[in-house]
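Report on one structure; see the data block that follows.
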Amino acid sequence: MLKKRLFTPGPTSVPEEVLLEMAAPIMHHRTDEFIKIAAEVFENLKYIFQTKNDVFIIASSGTGAMETSVVNFLSEGDKVIVISGGKFGERFKEISLAYKLNVIPVELEWGKKLDTNIIKDLLEKNPDVKAVFGTLCETSTGTHFDIKALGEIVANYEDTILVVDTISSLGAVPCMTDEWKIDVVVTGSQKAFMLPPGLAFISVSEKALKKIETSNLPKYYFNLKKYKKTLAKNDFPFTIPVSLIVGLRKSLQIIKNIGIEKIWEEHHIRAEATRQAMISAGLKLLSESPSDAVTAVVLPEGVDGDKLVKILRTKYGMSIAGGQDHLKGKIIRISHLGWQDEFDVLTAICGVGVGLKDMGINIETEKAISAARKVLFGSSQ
Ligand SMILES: *Cc1c(COP(=O)(O)O)cnc(C)c1O
């Protein structure tokens with residue numbers, strides 16, 4: 001029997017109670033019944049985002065919200081700083097270039113953290129920069145970035161907004177949108193939100209809202225003016241995936257009932273257990289600033305990571321992620337996102353050991369499991 005398990009940093013597992021909600025007959029989206037659900041969802045999103053700002057919902061994957069955050073606040077030829085330490089930082093650069101923005105790239109070695117003084121200096125030299133793009137967790141390397149420090153820097157510039165991709169990290173690690181002065185936060189449904197792919201969320205500060213008025217980049221479906229107008233009535237400009245909204249209501253209720261601080265703590269424990277396990281097994285972490293959302297592990301020289309991913313998926317039903325671009329085959333990534341518990345962590349760690357063994361490679365799996373167990377359940381266990 002093959003039981004399917006997702007340890008990928010998106011999509012992630014969806015709890016049964018959310019699946020059941022989404023299996024209900026489809027309701028029409030322009031009804032009082034649905035608008036009531038939407039109202040609750042919009043309100044609870046603010047809690048997850050830790051913001052008083054509007055949070056918009058768009059039917060797209062996370063990248064759609066990234067594009068939304070470019071086309072709504074900027075104008076032709078605007079100067080922007082794009083921080084990129086991996087695949088997803090690069091995506092912000094690609095979108096900005098597609099709209100012919102004047103990009104100042106800040107390219108970091110993959111897995112390295114950002115020295116925020118670089119951004120401070122760049123802004124002093126280029127006070128005409130209109131936006132700084134960053135990522136809270138760079139999913140391709142499992143790296144956490146200090147967005148709080150960036151918020152302090154960017155807030156000094158009246159005409160510059162801070163845009164942060166939190167697609168793999170909102171709802172998993174602290175993201176204090178208002179306290180950290182983040183103007184635009186974008187995220188997606190299929191990671192920490194415990195939902196299928198298909199919805200994207202974007203919060204917008206007053207400072208950023210003003211920029212919508214003057215932005216002249218082309219847009220239609222992603223025009224936030226349309227979404228702003230309908231949000232006032234807890235409605236949407238276009239047909240929203242009603243089932244996903246119904247599921248979202250449930251997943252937000254689950255998160256709210258547990259409490260977001262507790263959810264962050266649980267992600268931290270799962271991530272820490274995985275990190276300790278991998279180090280105890282004799283493996284290295286890729287990131288010098290590991291995120292609690294996803295752990296990237298460097299495989300021993302000569303081991304084909306993609307083969308390991310394939311064996312785990314086909315033989316054991318377990319999905320983990322491999323490396324992207326130049327890290328392809330060299331690393332594996334294990335997600336801690338969303339609907340997981342302590343025993344899932346042990347399963348994933350054991351899976352890596354078993355899969356490698358199938359490839360003829362021995363790691364210290366027993367030591368790894370023991371190290372993880374101590375973090376998860378305390379040293380008396
Ligand atoms: C998953 C992810 C994306 C891409 O999201 P899609 O939903 O696949 O469009 C972008 N940024 C980060 C940090 C991600 O983890």
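Based on the convex hull around the alpha carbon atoms, the stretch 11-169 presents an average projected area of 11.1 nm². With K and R counted +1 and D and E -1, the other residues having a Cβ less than 11 Å from that of Pro174 yield a net charge of -3. Among Phe145, Met27, Leu114, whose Cα projects farthest towards the positive end of the dipole of the chain, with charges put on the beta-carbon of Lys, Arg (+1) and Asp, Glu (-1)? Positive-end residue among those listed: Met27.
Could you give the length gained on full extension between Ile35 and Asn216, defined as 0.36 nm per residue of separation minus the Cα-Cα distance, in nm?
The Ile35-Asn216 span can extend by a further 62.0 nm.
What's the extension gain from Ile26 to Ile361 if we count 0.36 nm per residue and subtract their Cα-Cα distance? Full-extension gain reported as 115.6 nm.
Rounded to the nearest 10 square angstrom, Glu261 shows an accessible area of 110 square angstrom against a 1.4 Å probe. Beta bridges assigned by DSSP with both partners in the stretch 16-257 are antiparallel in approximately 40 percent of cases. By the Cα gyration tensor, the stretch 167-325 has an equivalent ellipsoid whose semi-axes, rounded to whole angstrom, run 36, 18, 18 from largest to smallest. Computed over protein heavy atoms with a 1.4 angstrom probe, the accessible surface ordering of Glu16, Glu158, largest first, is Glu158, Glu16.
Entry note, the stretch 16-257: relative contact order of 31 percent, from Cα contacts under 8 Å with a spacing of 6+ residues. Summing Lys and Arg as +1 and Asp and Glu as -1 over all other residues whose Cβ lies under 15 Å from the Cβ of Glu43 gives a net charge of +4. Here the label points at Lys229 and Lys46, each 7 Å from Cα along the C-beta direction, are separated by 2.3 nm in the simple model. In order along the stretch 370-378, the phi-based Karplus estimate (6.51 cos²θ - 1.76 cosθ + 1.60, θ = phi - 60°) of 3J(HN,Hα) comes to 5, 5, 5, 4, 5, 5, 6, 10, x Hz; Gly and Pro are listed as x.
Taking amide hydrogens as placed 1.01 Å from N in the peptide plane, the amide H of Ala131 sits under 5 Å from those of Ile81, Ile161, each at least 5 positions away in sequence or on another chain. Size descriptors for the chain (Cα atoms only): Rg and Dmax, in that order, 20.9, 62 Å.
The values are calculated or read from the model by the stated rules, or taken from the named source; none is laboratory data. Nothing here was measured: the structure is a model prediction, and the numbers come from that model. Note that each Cβ is placed from the backbone with ideal geometry, even for glycine, and that neighbours are counted across all protein chains shown. These accessible areas exclude ligands, DNA and RNA; they are computed on the full protein's heavy atoms, side chains included. Shrake-Rupley method; radii C 1.70, N 1.55, O 1.52, S 1.80 Å.
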